[in-house]
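Novice: Dumping the structure here so I can ask a few things about it.
Please treat every number below as a calculation from the coordinates, not as lab data. All values reported here derive from a predicted model rather than from experimental measurement. Don't worry about glycine lacking a Cβ; one is built from the backbone with ideal geometry, like all the others, and counts go over all protein chains shown.
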Amino acid sequence: MKRYAYYLSCINESMTKELDRSIDFWQKDLGLEFVKLHEGTCCGGSNLDYVSPKHFALVNARNIALAEKMGLDLIVSCNTCLMTIRTAKKKLDETPALKQEVNDILKQEGLEYRGTSEVRHLLWVLVDDVGLESIKAKVTVPLKNYRIAPFYGCHILRPSTVLGRDNPLAPSSLDQLIEALGGQTIPYEHKNRCCGFHTLLVAEEESLNVAAEALEEAINAKADFIVTPCPLCHTVLDGYQSKALKQANIDSSIPVFHISEMVGLALGYTAKQLGIKRHIVC
Amino acid sequence: MTETIDQHQEGKRDVTFRVFRFNPQVDSKPYFDDYTISAERGITVLRSLNYIKEHVDATLSFRAFCQAGICGSCSMRVNGISKLACTSQVWEELDKCREPGIIKVEPLRSMPMIKDLIVDMDPLVDKMKRYANWIESTMPLDEMGKKEFLVSEEEFHRYDKATDCILCASCVSECSILRANKEYVSPAVLLKSYRMNVDSRDSIHDIRLAELVKDHGVWDCTHCYRCQESCVKSIPIMEAIHAIREDALECRGPKDTSGAKHAEAFMEDIEKKGKLVEATLPIRTNGMIWTLRNLLPMAMKMIVKRRTPPPPPLVKSAKGIKIFRAMFREMTEHVKQDHQKSHKK
Ligand code: SF4
Ligand code: SF4
Ligand code: FES
């Protein structure tokens, strides 16, 4: 069993509950144990860092310190949480004075940020720790008849100085996962583009234009579904899909899956178990 | 196959440049021309284009000047990515071709086309003007030339990196929001505004900031980091964008614009619950009327699917929230002290 601390992203506790639930079905099958971090707090969602850089450092030093206390790496399944917490980690590791200031406060809770735990994405755990061969060996229902558009999203790739796992211009980890599960990836220009999530409430029209382009390419390429490692991308591409396509005058639709659901399907769990029926488009 | 490998080792091989062509005066739509030339290892994309223009097709148009990554005029998309042709090695580009041996060359995106690889920079220049991206000196006219402007090293470091910008517009071409709306301020313009706003010699910070927080300004950036990733001078553009936002929150207050309200909500919720209260975020950002008009139909669908975020009373606080809150507030005291210190200075 490989053990990890698992960060609870706000969105997975509210709008995309099916993401975390579907992991619970298959984590044991792949020899993984995710210990949920119920004491963890919101990372600040790529906003707190400029609203208050010091609170941003404190909150995320604490999130990481909770994992360090258990001696585990911190696994995140939302791109923006991943980028945000890794950004904080980089800041803390590079700024001893900030680390000291934060640790002086964290003492109250018996915590200390040391910088010993890595902060990684669920996708990286699957591809790098479990490994493609082991995943292949566990597949019971290969996705062999599916043409799949891999939508990586921004914050698992950029800024590459913070993320660094995939080449941001030609990412491949998600493509590899799809293929290990027996699926067929399609060439997809928008794979490393943006979904528009972060301006949905501030510049809705622009955000929906951004999303519509990504959806349109997948639809035109006759993909059976889009898969994304990010619940925020999922929220735009699924939840806002009809609005985005309407704005772009496109009369069509396409399902969007979380990676946790795609893995679940290939390991023999049903769409119903995995919560795929909860999606707006299905 | 062996022949190509041999050629590769010799450091000379045939390379095809698939170049975007368009002359709005005669062509009804753009097309591509293929030029195959024998290229040596070490040659740049710009040198190849120069060779094509001199020896193959004199009608091919592109901009270039310094050939050394300084002037910013040769920016174009090579194999889909906006960059400088004069610093892009053909040999490196060959590894990135979608079709083996064919390097695709296209003009920058999101800017009006003039001819072939030349785009119109005027809209960008106009935006630089709209956001007043120059210094209006704080020194009275009669003292000019008589007194020195002293700039501390600390201040210099604040804009050192931003002044590396060569206005090539690669970041502009890669911007997600500009692609969605041509009115958007653009990353290079934001970077320049930041640079001016942190300069102690400048007197129009407030005017500039007032313009930046309007529609199509700094709050419309969607944090995609494409600009930063494509910057040919590796400038951390997002740090500049974040700094403008931080400045706007401080100078104009968190209730100033929907963008500011949205950002501030994260701070509020984390202090209160340790979790984001998503259900009320649209209302707190844009008010009740906007929310009902824009989100009601979608909310209905989400209710059916039980995807709606829980209402505030049902958002469970993070475990151990009491001690977390105390620590959060202690940090608030630290921040207050920092402010006092910096204002004394
Ligand atoms: S981060 Fe903002 S400015 Fe930069 S490319 Fe994305 S939307 Fe444009
Ligand atoms: S910020 Fe970088 S990419 Fe953008 S115009 Fe300046 S040098 Fe070019
Ligand atoms: S020609 Fe000047 S930057 Fe390329």
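Novice: Take the alpha carbon gyration tensor of the protein assembly as shown, find the square roots of its eigenvalues, order them as a ≥ b ≥ c, and report rounded if a/c is under 1.5; if not, report prolate when a/b exceeds b/c, else oblate.
Specialist: Oblate is the answer for the protein assembly as shown, as a/c is 1.5 or above yet b/c matches or exceeds a/b.
Novice: Hey, another quick one. Given R₀ = 41 Å, FRET efficiency for B:F65-B:R252 by Cβ-Cβ distance, to 0.05? Please report the intermediate quantities before stating the final value.
Specialist: Working: r = 40 Å, r/R0 = 0.99.
Result of the calculation: an efficiency of 0.50.
Novice: So if R0 is 30 Å, what FRET efficiency would B:L296 and B:T332 give, r being the distance between their Cβ atoms, rounded to the nearest 0.05? Intermediate results must be reported in sequence, preceding the final value.
Specialist: Details: r = 36 Å, r/R0 = 1.21.
About 0.25, to the nearest 0.05.
Novice: Summing Lys, Arg as +1 and Asp, Glu as -1, what charge do residues with Cβ under 14 Å from the Cβ of B:H157 carry, B:H157 excluded? Display every interim value, and only then the final one.
Specialist: On the way: positive: B:R158, B:K161, B:R195; negative: B:E153, B:E154, B:E155, B:D160, B:D164, B:D199, B:E239.
Value of the local net charge: -4.
Novice: Mind checking the full-extension length gain between B:N181 and B:R21? Use 0.36 nm per residue of separation minus the Cα-Cα distance, one decimal, nm. Show your work: numbers first, answer last.
Specialist: Numbers: separation 160, 0.36 × 160 = 57.60 nm, distance 2.48 nm.
Computed gain between B:N181 and B:R21 is 55.1 nm.
Novice: So what is the calculated 222 nm ellipticity per residue for chain B, using -39500 (n - 2.57) for each DSSP H run with n of 4 or more, over all residues, to the nearest 500 deg cm²/dmol?
Specialist: Values: 14 runs with 156 residues, N = 345.
The helix-only estimate for chain B comes to -13500 deg cm²/dmol at 222 nm.
Novice: Looking only at Cα atoms, what is the convex hull volume of the range B:12-118 per residue, in Å³?
Specialist: Working: hull volume 10.6 nm³, N = 107.
In the range B:12-118, the Cα hull volume divided by residue count equals 99 Å³.
Novice: Kindly identify the range B:262-344 as rounded, prolate or oblate by the Cα gyration tensor criterion: order the square roots of the eigenvalues as a ≥ b ≥ c, call it rounded if a/c is under 1.5, otherwise compare a/b with b/c, prolate if a/b is larger, else oblate. Walk me through the intermediate numbers first.
Specialist: On the way: a/c = 5.25, a/b = 1.83, b/c = 2.87.
Oblate is the answer for the range B:262-344, as a/c is 1.5 or above yet b/c matches or exceeds a/b.
Novice: If you don't mind, there's one more thing I want to ask. GNM on chain A, C-alpha springs below 10 Å: top fluctuator among A:P142, A:P231, A:P159?
Specialist: Evaluated over chain A, the most mobile residue of the options is A:P159.
Novice: Where the Cα atoms of chain B are projected onto their three principal axes, how long is each span, largest first, in whole Å?
Specialist: 72, 71, 43
Novice: Go through the range B:296-308 residue by residue and turn each phi into a ³J(HN,Hα) via Karplus (6.51, -1.76, 1.60, θ = phi - 60°); whole Hz please, and just put x for glycine and proline.
Specialist: 4, x, 6, 4, 4, 4, 5, 5, 4, 8, 6, 9, 5
Novice: Can I ask one more? Go ahead and set up a Gaussian network model of chain B, Cα springs under 10 Å, then flag whichever of B:K96, B:K104, B:K322 fluctuates most.
Specialist: B:K322
Novice: Right, here's the next one. Long-range amide H contacts for A:V35: which residues qualify at under 5 Å (H placed 1.01 Å from N, peptide plane, sequence gap of 5 or more or a different chain)?
Specialist: A:Y4, A:A5, A:Y6
Novice: Further, regarding this structure: As an exercise, use a Förster radius of 35 Å and the Cβ-Cβ distance of B:R130 and A:K90 to find the FRET efficiency, rounded to the nearest 0.05.
Specialist: Details: r = 35 Å, r/R0 = 0.99.
The formula returns an efficiency of 0.50 here.
Novice: Going 7 Å from the Cα of A:R147 along its beta-carbon direction, which residues of the range A:177-201 have the amide nitrogen within less than 18 Å of the resulting point?
Specialist: Answer for this model: A:178-179, A:182-191.
Novice: Follow-up question, since we're still on this one. Under 10 Å, Cα contacts only: if you run a Gaussian network model on chain B, which one of B:V119, B:V26, B:V218 comes out with the highest mean-square fluctuation?
Specialist: Maximum fluctuation in the GNM of chain B, among the listed residues, is at B:V26.
Novice: Just flag the GluC sites (Glu not before Pro) in the range B:160-224 sitting in loop per DSSP whose Cβ has no more than 11 other Cβ atoms within 10 Å.
Specialist: Of the GluC sites (Glu not before Pro), not one in the loops of the range B:160-224 has a Cβ with at most 11 other Cβ atoms within 10 Å.
Novice: Would you order B:T36, A:T235 from fewest to most other beta-carbon atoms within 10 Å of each residue's own beta-carbon?
Specialist: Values: B:T36 14, A:T235 23.
With the fewest neighbours first, B:T36, A:T235 line up as B:T36, A:T235.
Novice: Additional query: Where does the longest stretch of chain B lie that holds no chymotrypsin sites (Phe, Trp or Tyr not before Pro) found in a DSSP loop with 15 or fewer other Cβ atoms within 10 Å? Spell out each step's value before the answer.
Specialist: Working: sites that count: B:F65, B:W134, B:F149.
So the longest stretch without any such site is B:150-345.
Novice: Name the residue from B:T280, B:M327, B:P297 whose Cα lies farthest towards the positive end of the charge dipole of the range B:262-344, charges +1 on Cβ of Lys and Arg and -1 on Cβ of Asp and Glu.
Specialist: Of the candidates, B:P297 comes out farthest on the positive side.
Novice: Related question: If you keep only loop residues by DSSP, which trypsin sites (Lys or Arg not before Pro) in the range A:180-250 have at most 12 other Cβ atoms within 10 Å of their Cβ?
Specialist: Details: sites: A:K191, A:R193, A:K222, A:K243, A:K246; in loops: A:R193, A:K222.
Passing sites in the range A:180-250 are A:K222.
Novice: Output wanted: per-residue J couplings in Hz (rounded whole) for the range A:195-205, from phi through Karplus 6.51 cos²θ - 1.76 cosθ + 1.60, θ = phi - 60°, x for Gly and Pro.
Specialist: 9, x, 3, 5, 10, 3, 8, 10, 9, 4, 4
Novice: When the dipole is taken about the Cα centre of the protein assembly as shown, and only Lys, Arg (+1) and Asp, Glu (-1) are charged at their Cβ, what size is it in debye, to the nearest 20? Write down the numbers at each step before the final one.
Specialist: On the way: 85 positive and 84 negative charges, 386 e Å.
For the protein assembly as shown, the charge dipole is close to 1860 debye.
Novice: Related question: Using θ = phi - 60° and the Karplus relation 6.51 cos²θ - 1.76 cosθ + 1.60, list the HN-Hα couplings for the range A:207-222 in order, rounded to whole Hz, with x at every Gly or Pro.
Specialist: Going residue by residue, I get 4, 5, 4, 4, 5, 4, 4, 5, 5, 4, 4, 5, 5, 5, 7, 6 Hz, with x marking Gly and Pro.
Novice: Going by C-beta contacts inside 10 Å, put B:H216, B:H343 in order with the fewest on the left.
Specialist: Numbers: B:H216 19, B:H343 7.
In increasing order of surrounding Cβ atoms, one gets B:H343, B:H216.
Novice: Could you tell me which of rounded, prolate or oblate describes the range A:95-142, using a ≥ b ≥ c as the square roots of the eigenvalues of the alpha-carbon gyration tensor, with rounded for a/c under 1.5 and, failing that, prolate when a/b is larger than b/c and oblate otherwise?
Specialist: On the way: a/c = 5.69, a/b = 3.64, b/c = 1.57.
It comes out prolate by the Cα gyration axes.
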